[in-house]
Amino acid sequence: MDEHLLSSLEEEESTGSELGEACEDTYDEEADQQDSAWIDKHHPGATDAVLSCPACFTQICFVCQAHARFAGQFRALSVAHCRLTDEKFAFGKKNKSPLEPIDEGAAAQADSRNVFRAVVCAECGTKVGVMDHENVYHLFHVLTAT
């Protein structure tokens, strides 16, 4: 075996116990239970997934329902670490794309049921979905964890 490799391995073995002790100091055996209790208290109800921002990985939704037909799309009544913007979108059969930006004049003339406001991650500003006229969030640019 190469002497340099052998000395590196021996050095790692000698410092391994120090690293193990440092990890033990920062490890909390009860952290998972405490985190679970916090989620249950602040976000009660069953969920299909926990959603995160795809750019900065900030968790943005703890209780949501998966869309019945479209994989990767979710709806929720509440979100965390998100904010609404003034940007509006229209959705309807007349539009060429399913969701396209519209200006204030078009938004005023459009059926309010077909006008959505953009929802962005409060941490990094990435668009993660839209909110409809009933204040339901439709999230589709998200990472999921089940």
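Glu10 meets all of the listed conditions (1) more than 27 Å from Asp132 (Cα to Cα); (2) open to solvent by 50 Å² or more (accessible area, probe 1.4 Å); (3) at pLDDT 80 or above but one, namely (3). One residue stands out in region 35-73 among those that are under 11 Å from the mean Cα position of the chain (by Cα) and in a strand (DSSP E or B): the one that is surrounded by the fewest Cβ atoms within 10 Å (Cβ to Cβ), namely Gln59. Of all residues in region 43-60, those that are closer than 12 Å to Gly125 by Cα have Cβ atoms under 6 Å from Cβ atoms of residues that are in a loop (DSSP other than H, G, I, E, B) and polar (S, T, N, Q), 6 or more apart or on another chain, in Cys53/Thr126; Ala55/Thr126. How about region 74-83: which of its residues are open to solvent by 60 Å² or more (accessible area, probe 1.4 Å) and in a strand (DSSP E or B)? Hits for region 74-83 are Arg75, Arg83. Within region 127-146, if we keep just the residues that are under 11 Å from Ser52 (Cα atoms) and not small (Gly, Ala, Ser), the residue that is most open to solvent (accessible area, probe 1.4 Å) turns out to be His141.
Filtering region 68-90 to residues that are small (Gly, Ala, Ser) and free of Cβ contacts under 8 Å to residues at least 12 places away in the same chain leaves Ala68, Ala71. In the set (1) modelled with pLDDT under 85; (2) exposed (fewer than 15 other Cβ atoms within 10 Å of the Cβ); (3) outside any loop (DSSP other than H, G, I, E, B), the condition left unmet by Ala107 is number (2).
The values are calculated or read from the model by the stated rules, or taken from the named source; none is laboratory data. From a predicted model like this one, the values you see are computed outputs, not experimental measurements. Quick reminder, even Gly has a Cβ in these numbers, built from the backbone with ideal geometry, and neighbours come from all protein chains shown. The area values use the complete protein model at the heavy-atom level, side chains included, leaving out ligands, DNA and RNA. Shrake-Rupley method; radii C 1.70, N 1.55, O 1.52, S 1.80 Å.
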